[in-house]
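Chemist: Just dropping this structure here.
The values are calculated or read from the model by the stated rules, or taken from the named source; none is laboratory data. Computed from a prediction, not measured in an experiment: that's the story for all the values here. Cβ sites come from the backbone with ideal geometry, for glycine too, and all protein chains shown count toward neighbours. These accessible areas exclude ligands, DNA and RNA; they are computed on the full protein's heavy atoms, side chains included. Shrake-Rupley method; radii C 1.70, N 1.55, O 1.52, S 1.80 Å.
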Amino acid sequence: MSDDKRRGVLFDVDGTLVDTTYLHTVSWWEALRQADHRVPMARIHRSIGMGSDKLLDHLLGAERDRDADGRLRDAHDALYGEYWERLAPLPGARELLRACAERGLRVVLATSAAEHEVTALRAALDVDDVIDSVTSSADAQESKPAPDILVAALDQSGLTAERVVFVGDSVWDVAAAGKLDIPCIGLTCGGTGRAELAGAGAVAVYDDPAALLDALPESAIGTLA
């Protein structure tokens, strides 16, 4: 049940708070290469942020034989898992989450990562004391750019779309937020350019969490608080 008196910030995690976008790119590239799919890394990178089902449709075509998709996902997961102990937060990520909490805002990690990946991401951030709730891929029937994970984040945190801001790093994040009329702040630290994020509908674009933190009072988050 929502609490109309509370406001909050929903955060994507991969590429927004933790520096993983290119790790996912390389892991998908190698998983695809092992299955004799030669896909340029640039194409893979631009697909990161989608769920694995939509990513594979986007890269390999929706009409393909999907029998091998499970093996591709398993290969990606195994390759990406080799980086878990070295995952690092992006500049200012921890401080940004703490600053939002200090302003009385609920801090929600609205990620569609698998549950085992979420554990590694939370360990890298090391700010569980200020996080209100966390989603995972198990909470969404359909992955981004569908808004399911944001709907789950709102439900779990007791927030409403009218009283939150979403922070993400991909055009898929912006698209998902737009379907719920949630203002989305874009960060370029995931590798998507400022113009592309703005063109997708981001209300503002910053380089990374540290830059957003520096501008927090004037940002959509500052206005929300």
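Chemist: Tell me, what is the FRET efficiency for R98 and R33 to the nearest 0.05, using R0 = 35 angstrom and their Cβ-Cβ distance as r?
Modeler: FRET efficiency, R98 to R33: 0.30.
Chemist: Starting from the Cα-Cα distance between D129 and Q141, subtract it from 0.36 nm times their residue separation and give me the gain in nm to one decimal.
Modeler: Numbers: separation 12, 0.36 × 12 = 4.32 nm, distance 2.85 nm.
Gain in length upon complete extension: 1.5 nm.
Chemist: Give me the extension gain from E196 to T223: residue separation times 0.36 nm, minus the current Cα-Cα distance, reported in nm with one decimal.
Modeler: Working: separation 27, 0.36 × 27 = 9.72 nm, distance 2.41 nm.
The span from E196 to T223 would gain 7.3 nm if fully extended.
Chemist: Given a 1.4 Å probe and every protein chain left where it sits, what share in percent of the accessible area of the chain is carbon and sulfur?
Modeler: 47 percent
Chemist: In percent, what relative contact order does the chain have, based on Cα pairs under 8 Å that are 6 or more apart in sequence? Can you show the working numbers first?
Modeler: Values: 422 pairs, mean separation 60.6, N = 225.
About 27 percent, as a whole number.
Chemist: Got a number for the accessible area of L79? Probe 1.4 Å, square angstrom, nearest 10.
Modeler: Approximately 40 Å² of L79 is accessible to the 1.4 Å probe.
Chemist: Treating the angle as unsigned and between 0 and 90°, give the value, to the nearest 10°, between the Cα long axis of helix 21-34 and the longest Cα principal axis of the chain.
Modeler: Taking Cα atoms only, the helix is inclined about 20 degrees.
Chemist: Where does the chain land at 222 nm, in deg cm²/dmol rounded to the nearest 500, when only DSSP H runs of n ≥ 4 count, each adding -39500 (n - 2.57), divided by all residues?
Modeler: Values: 11 runs with 100 residues, N = 225.
Computed mean residue ellipticity for the chain: -12500 deg cm²/dmol.
Chemist: Rounded to the nearest 10 Å², what accessible area does Y83 have for a 1.4 Å probe in the complete protein model?
Modeler: 60 Å²
Chemist: Here is a further query. Mind checking the per residue accessible area of the chain for me, 1.4 Å probe, whole number of Å²? Numbers along the way, then the final one.
Modeler: Details: 10070 Å² over 225 residues.
With the other protein chains kept in place, the chain gives 45 Å² per residue.
Chemist: Here's something else I'd like to know. Using alpha carbons only, how many degrees (0 to 90, rounded to 10) separate the axis of helix 93-102 from the longest principal axis of the chain?
Modeler: Tilt of helix 93-102: around 30 degrees.
Chemist: Which percent, nearest 5, of DSSP beta bridges in the chain are antiparallel? Don't jump to the answer; show the numbers that get you there.
Modeler: Values: 1 of 19 bridges.
Among the beta bridges of the chain, antiparallel pairing accounts for roughly 5 percent.
Chemist: Cβ neighbours within 10 Å, averaged per peptide: list 34-43, 86-95 in order, most packed at the top.
Modeler: Packing proxy ranking, top to bottom: 86-95, 34-43.
Chemist: For V203 paired with K179, estimate the spin-label separation in nm (one decimal), with each label point 7 Å from Cα along the Cα-to-Cβ line.
Modeler: 2.0 nm
Chemist: In sequence order, what are the phi-derived ³J(HN,Hα) couplings for the stretch 159-174 according to the Karplus relation 6.51 cos²θ - 1.76 cosθ + 1.60 with θ = phi - 60°, rounded to whole Hz, with x for glycine and proline?
Modeler: Rounded to whole hertz, the list is 9, 10, 4, 6, 10, 9, 10, 10, 10, x, 10, 10, 5, 5, 5, 4.
Chemist: Hey, how many Å between the Cα centroid of the stretch 11-88 and the Cα centroid of the stretch 117-154?
Modeler: 18 Å
Chemist: Mind ranking R46, R106, R6, R71 by accessible surface for me, highest first, 1.4 Å probe? Could you put the intermediate results ahead of the total?
Modeler: Details: R46 135, R106 40, R6 80, R71 160 Å².
Accessible-area ranking of R46, R106, R6, R71, largest first: R71, R46, R6, R106.
Chemist: Moving to a separate point now. Find the relative contact order for the stretch 109-169 and round it to a whole percent, using C-alpha pairs within less than 8 Å whose residues are 6+ positions apart. Let's see the in-between values first.
Modeler: Numbers: 58 pairs, mean separation 20.7, N = 61.
Rounded, it is 34 percent for the stretch 109-169.
Chemist: With angles folded into 0 to 90 degrees, how steeply does helix 115-125 sit against the dominant principal axis of the chain? Use alpha carbons for both and round to 10.
Modeler: So the inclination is approximately 50 degrees.
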